[in-house]
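Okay, structure first, notes after.
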Amino acid sequence: MRSPKESQVRKLPESGVSRRGFLQGVSLGGGALGAAVLERPAEAAQSGVVGPGEVSITLWVNGKEHELRVEPRVTLLDALRDRLGLTGAKRVCDRGTCGACTVLVEGKAVYACTTLAIDAQGKNIQTIEGMTRGSELHPVMKAFVNNDAQQCGFCTPGFVVAAKAFIDEHPNPTEEDVMNGLGGNLCRCGTYIGIRKAVVEAAKAMGGRNA
Amino acid sequence: MIPQNFDYAAPSTIEEALELLADPEAKALAGGMSLIPLMKLRLAAPGRLVDLRRIAGLREIRQDDGALRIGALVTHSEIESSPLVRSRCPLLAETASHIGDLQVRNAGTIGGSIAHNDPAADYPAALFALEAKVKVAGKGTERTLPLEELVVDAMVTALEPGELITEVIVPVEAASTGTSYQKMRQPASGFAIVGVAARLEKSNGRIGSVRVGVTGLGPSGFRARRVEELLDGTAGSDGEIREAAAVVAEGVEANADLHASADYRRHLAQVFTVRAIRAALARAS
C-alpha cells in the first residue's frame, strides 16, 4: 500500500494578517461576522491557524486518497458518512462511549465520533468498507454470521472493526479476553454471547496471525 | 451533536503551541476523549483548538536520574505496553490498562487526563501513590510541581491560563516494591467508581514506605496518609490491613451520583483499599 500523503493544510504561507486583527476588523459588522468568517480563506491565518471556515484536507481511507473541504469542527465520522458516503461506521452515542463509530487509524481502533477529520489527515484510515476483498467477507465477518453475533445489526460494523484490531494484538484470545478487550463497544440487543464466540472463532480462523 | 465553530492549529513545537495558547479563547487538544464530547454537548466552546498531537517532543518516555519522564501526549495504550514503564514503574502500566476501553486507551493521553482532572479518572490513584510530579510550561516559564499541588477540585487544576502540562515524572521502582491498582469499574464507560492504588516495601516481615492513592471517592484523587501511617511498620496481617483501610474515607466529602451513593463509595473505598494492599503485599519481596 502507498503511504498516506501529507496534507498541505499545515504548510500554508504566512500572510501577516493576524486572527485578532481580523476579528477586530469585522467586530463592528455584527451579523456579517459569521459570513465573513466562513468565507475567510484558510491562507489568511496566523502561523498555521486555519478555520473556522472550511479547510481543504486530504484523507487516506481504505487505501484511497480523498480531497475534501471541511470546517475544523467536523469529526472523522461525519466526514466519512456525510462527505465520502462511507456509512458503515454508525453514529449512535456520538460522544465516545458506544463504539458503533469505530474505525482504524494507523491500525488502532478509535472512536471516529471524537476524532476531528482535520486531525486524521496523513494517517492510514480503515473502515468496515475496507475489510472485504471484493465480495469475500473478512474472517471476523464470517464468524459473526456463523455465530448469530448480531440482532438488529446497528452496532455490528463497530464491533467487527474493533474485533479485528483486538485480534491483531491478541491472536489467541479467550472469551473472557474478548469481553474485556471489546469493552468499548455496546450492543443494546445483548448479543454479547454470540459476539464473544465469533471473535474467538475468527481468531482461530486467522490462525493466530495478524490479518 | 456538532461543536461550536473554532479555528484550529496543529503546531510542531511546544513553543509554537504556547504562543497559540496565549489567546484567551484557545484550548489545548490532546486525545480529545473528554474535550470533544464536552464541546459537542456545548459545555465547552473554545474559539481555538491547539492540537498538540503533532509535537513529537511530547510523545516520548525516557528514563533519567532514577525517574521516568513521560511526555504529556503519551497515550494510555502506549503506557500500558511500554517495556520501560512495565519494568520500571509497573503500577502506572497496570493502571493505564484499566482505563476506559480499547478505543479510549488508543487516543486518550496522560497529560490530557491530568489536566482534565475528572474525579473518576484512574491515573490519580497511581500517581498519588507514586508521589508523581508534573512539569508545566507557560510562555517563557517552566515549573515542576507535585501532583498534590496541581489538583485543586473536581475538573479544576492549578494550571494558569496558557499553561501546558509537558511531562509526568514518576520514580523508577525497585523490583522488590509491591504495587497494585484495584477498582470498581462503571460497566459502560469503564470509569472508576472508586479506585485504589497501593505501593509498599517489605523487609524483615514488616511493611514500610506505604503509599496509598485513591480516586473516584472525593472531588479529586488524594493520598490516604492516615491509612499509610496505620499500616507502616505492621506485619500486614489481615486484621491490620482491614483496620488501616477502615479510615480511608475519613474526612473526605464522598461523591454521590446515579452510579453510587456517598455511603456506597465509602464502603467501596475500604473494600478496594484492602484488596490493593493485599495484592501489593503479595507482589513485594
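The values are calculated or read from the model by the stated rules, or taken from the named source; none is laboratory data. From a predicted model like this one, the values you see are computed outputs, not experimental measurements. A quick note on method: Cβ atoms are made from the backbone with ideal geometry, for glycine too, and the neighbour counts reach across all protein chains shown. Keep in mind that these areas ignore ligands, DNA and RNA; they rest on the heavy atoms of the full protein, side chains included. Shrake-Rupley method; radii C 1.70, N 1.55, O 1.52, S 1.80 Å.
Based on the inverse mean of 1/r over its pairs of different Cα atoms, what is the Kirkwood hydrodynamic radius of the protein assembly as shown, in Å? Write out the running numbers ahead of the final one.
Values: mean 1/r = 0.0418 Å⁻¹.
Taking the inverse mean of 1/r over all distinct Cα pairs, the protein assembly as shown comes out at 23.9 Å.
Among DSSP beta bridges lying fully in chain B, give the percent that are antiparallel, nearest 5.
Values: 41 of 48 bridges.
Antiparallel: roughly 85 percent of the beta bridges in chain B.
Ignoring any ligand, DNA or RNA, what whole percent of the accessible area of the protein assembly as shown comes from carbon and sulfur when the probe is 1.4 angstrom?
Details: 10570 of 21080 Å².
Of all accessible area on the protein assembly as shown, carbon and sulfur atoms account for 50 percent.
Using only atoms on other chains, find how many Cβ atoms lie within 10 Å of each Cβ of peptide B:18-25 and report the average.
Numbers: counts 0, 2, 5, 0, 0, 4, 0, 3.
Partner-chain Cβ atoms within 10 Å, mean over residues of B:18-25: 2.
Work out how much length A:Cys152 to A:Arg188 would gain on full extension: take 0.36 nm times their residue separation and subtract the Cα-Cα distance, in nm to one decimal.
Working: separation 36, 0.36 × 36 = 12.96 nm, distance 0.90 nm.
So the extension gain works out to 12.1 nm.
Rounded to the nearest angstrom and ordered from largest down, what semi-axes does the equivalent ellipsoid of segment A:52-122 get from its C-alpha gyration tensor (root of 5λ)? Working shown, then result.
Numbers: eigenvalues 64, 38, 23 Å².
Square roots of five times the eigenvalues give 18, 14, 11 Å.
Subtract the Cα-Cα distance of B:Arg242 and B:Tyr264 from 0.36 nm times their separation in residues, and report this length gain in nm to one decimal.
Working: separation 22, 0.36 × 22 = 7.92 nm, distance 1.71 nm.
Gain on stretching B:Arg242 to B:Tyr264: 6.2 nm.
Top mean-square fluctuation among B:His267, B:His76, B:His259, Gaussian network model of chain B, C-alpha springs under 10 Å?
Of B:His267, B:His76, B:His259, the most mobile in the Gaussian network model is B:His259.
Would you tell me the mean number of C-beta atoms belonging to other protein chains that fall within 10 Å of each C-beta in A:156-162, as a whole number?
1
At 1.002 mPa s and 20 °C, plugging the Kirkwood radius over alpha-carbon pairs of chain B into Stokes-Einstein gives what diffusion coefficient in µm²/s? Spell out each step's value before the answer.
Details: Rh = 19.2 Å.
My calculation gives 112 µm²/s for D.
Given the C-alpha atoms of segment A:132-211, compute the convex hull and give its volume per residue in Å³. Write out the running numbers ahead of the final one.
Numbers: hull volume 6.4 nm³, N = 80.
Dividing the Cα hull volume of segment A:132-211 by its residues yields 79 Å³.
Using Cα positions and a limit of under 30 Å, work out the lysines in reach of A:Lys123, with same-chain residues fewer than 8 apart set aside.
Output for A:Lys123: A:Lys5, A:Lys11, A:Lys64, A:Lys90, A:Lys108, A:Lys142, A:Lys164, A:Lys204, B:Lys27, B:Lys40, B:Lys135.
Let me check something: with ligands and nucleic acids excluded, how do B:Leu159, B:Leu52, A:Leu137 order by accessible area (1.4 Å probe), largest to smallest?
Details: B:Leu159 40, B:Leu52 10, A:Leu137 70 Å².
Largest to smallest exposure gives the sequence A:Leu137, B:Leu159, B:Leu52.
Counting other Cβ atoms within 10 Å of each Cβ, which GluC sites (Glu not before Pro) in segment B:182-285 have at most 15 and sit in a DSSP loop?
Numbers: sites: B:Glu201, B:Glu228, B:Glu229, B:Glu240, B:Glu243, B:Glu250, B:Glu253; in loops: B:Glu250, B:Glu253.
Those that pass, being in a loop and sparsely packed, are B:Glu250, B:Glu253.
Shielding of A:141-149 by partners, i.e. mean partner chain Cβ atoms within 10 Å per residue?
Values: counts 0, 0, 0, 0, 0, 0, 0, 0, 0.
For this peptide, the per-residue mean of nearby foreign Cβ atoms is 0.
Rounding to the nearest 20 debye, state how big the charge dipole of the protein assembly as shown is about its Cα centre with +1 on each Lys and Arg Cβ and -1 on each Asp and Glu Cβ. Don't jump to the answer; show the numbers that get you there.
Values: 56 positive and 58 negative charges, 196 e Å.
I would put it at about 940 debye.
Suppose each label sits 7 Å from its Cα in the direction of the beta carbon; what would the B:Lys139-B:Ile2 distance come out to in nanometres?
The two pseudo-label positions are separated by 3.2 nm.
Go ahead and run the numbers for FRET between B:Arg86 and B:Ala22, Cβ-Cβ distance against an R0 of 41 Å, rounding to 0.05. Spell out each step's value before the answer.
Values: r = 38 Å, r/R0 = 0.93.
E between B:Arg86 and B:Ala22, to the nearest 0.05, is 0.60.
Just the number, please: percent antiparallel of the DSSP beta bridges in the protein assembly as shown, rounded to the nearest 5. If you can, show how the numbers build up before the last one.
Details: 57 of 66 bridges.
Expressed as a percentage, antiparallel bridges in the protein assembly as shown total about 85.
Taking both sides together, what accessible area is buried at the A/B interface, probe 1.4 Å, expressed in Å² and rounded to the nearest 100? Could the numbers behind the result be given before it?
Values: alone 11410 and 12810 Å², together 21080 Å².
The A and B chains share an interface burying roughly 3100 Å².
What distance in nm lies between label points placed 7 Å from Cα along the C-beta direction at A:Thr58 and B:Ser12?
Roughly 1.5 nm, to one decimal.
At what distance in nm do the modelled label points of B:Val271 and B:Met155 sit from each other, each positioned 7 Å from its Cα along Cα→Cβ?
Taking the simple label geometry, B:Val271 and B:Met155 are separated by 2.8 nm.
Counting other C-beta atoms within 10 Å, and keeping those with at most 15, which DSSP coil trypsin sites (Lys or Arg not before Pro) do you find in segment B:1-76? Walk me through the numbers on the way to the answer.
Working: sites: B:Lys27, B:Lys40, B:Arg42, B:Arg48, B:Arg53, B:Arg54, B:Arg59, B:Arg62, B:Arg69; in loops: B:Arg42, B:Arg59.
Here the sparse-neighbourhood loop sites are B:Arg42.
If you count, for each residue, the other Cβ atoms within 10 Å and average over each peptide, how do A:123-130, B:135-142, B:100-107 line up from highest to lowest? Mind showing how you got there, number by number?
On the way: A:123-130: 20.9, B:135-142: 15.0, B:100-107: 25.8.
My ranking of the peptides, most packed first, is B:100-107, A:123-130, B:135-142.
Taking the Cα centre of each part, how many Å lie between segment B:214-241 and segment B:1-44?
Using only Cα atoms, the two centres lie 38 Å from each other.
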